[in-house]
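Okay, so here's the structure we're looking at.
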Amino acid sequence: MSAIDELLDRHARGTDTGAPQVPTPVPGLHLAVVTCMDARIKVFDVFGLRHGEVHILRNAGGVVTDDVVRSLAISQRKLETREIVVMQHTSCGLSLITDDEFKDELEQDTKLRPPWAIEAFRVVEDSVRQSVERVRRSPFLTLTESVRGFVYDVHTAELTEVD
């Protein structure tokens, strides 16, 4: 059985009834969270979230890229979010590679060099600061004063704010 088939089977046997009690795509806390796609990050558990409270944007590293800005702009301008959390984490896979190394690998395998940045980093706090600054400087985002950055420790569940 494939992993997708496993998930479909779980869904069929599960208790998911959707979110009929959440009448709108506007998040109740008017907050967007940008974080990593790492499977160890249980965003709902980290913040004690309930369905319908926040928008959650995930990508490799939890970095603010052009596509994240696109989603945040929609979130703010059309869906009433007013605050943004950027949460990256310890032991991230992006801290184990470099942009050039990964682009070289892709180019060797495909004969094409990707035009997008990998956004690899060595110091997670520096990456959080950079992403927060990208939010603050974006001309497409209207509410940039209420953005805060954090590092989540995947081993201890400690959440540390980055100044």
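Result for the chain in a Gaussian network model with C-alpha springs under 10 Å: among THR90, THR142, THR17, the largest mean-square fluctuation is at THR17.
Per residue of the chain, what 222 nm ellipticity follows from adding -39500 (n - 2.57) for every DSSP H run with n ≥ 4, rounded to the nearest 500? Could you put the intermediate results ahead of the total?
Numbers: 5 runs with 56 residues, N = 163.
Theoretical 222 nm ellipticity from helices: -10500 deg cm²/dmol.
Provide MET87, MET37 in ascending order of the number of other Cβ atoms located within 10 Å of each residue's Cβ, fewest first.
Numbers: MET87 23, MET37 11.
Fewest to most other Cβ atoms nearby, the residues stand as MET37, MET87.
Residues GLU101, GLU125, ranked from the fewest to the most other C-beta atoms within 10 Å, line up as GLU101, GLU125. Tell me whether the chain comes out rounded, prolate or oblate; compute the Cα gyration tensor, take square roots of the eigenvalues as a ≥ b ≥ c, and use a/c under 1.5 as the rounded threshold. Here the chain falls in the oblate category.
By counting other Cβ atoms within 10 Å of each Cβ, how are HIS30, HIS55 ranked from fewest to most?
Working: HIS30 18, HIS55 21.
Sorted ascending by nearby Cβ count, the order is HIS30, HIS55.
Provide the gained length on full extension for the span VAL22 to PHE140, in nm with one decimal, where the gain is 0.36 nm per separating residue minus the Cα-Cα distance.
Details: separation 118, 0.36 × 118 = 42.48 nm, distance 2.77 nm.
Going from the current span to full extension adds 39.7 nm.
Taking label points 7 Å from Cα along the Cα-to-Cβ direction, SER2 and ARG50 give a separation of 3.7 nm.
Rule-based calculations on the coordinates, nothing more; no lab input. Values in this document were obtained by computation on a predicted structure and should not be read as measured data. In this analysis, Cβ positions are derived from the backbone assuming ideal geometry, glycine residues included, and neighbour counts consider all displayed protein chains.
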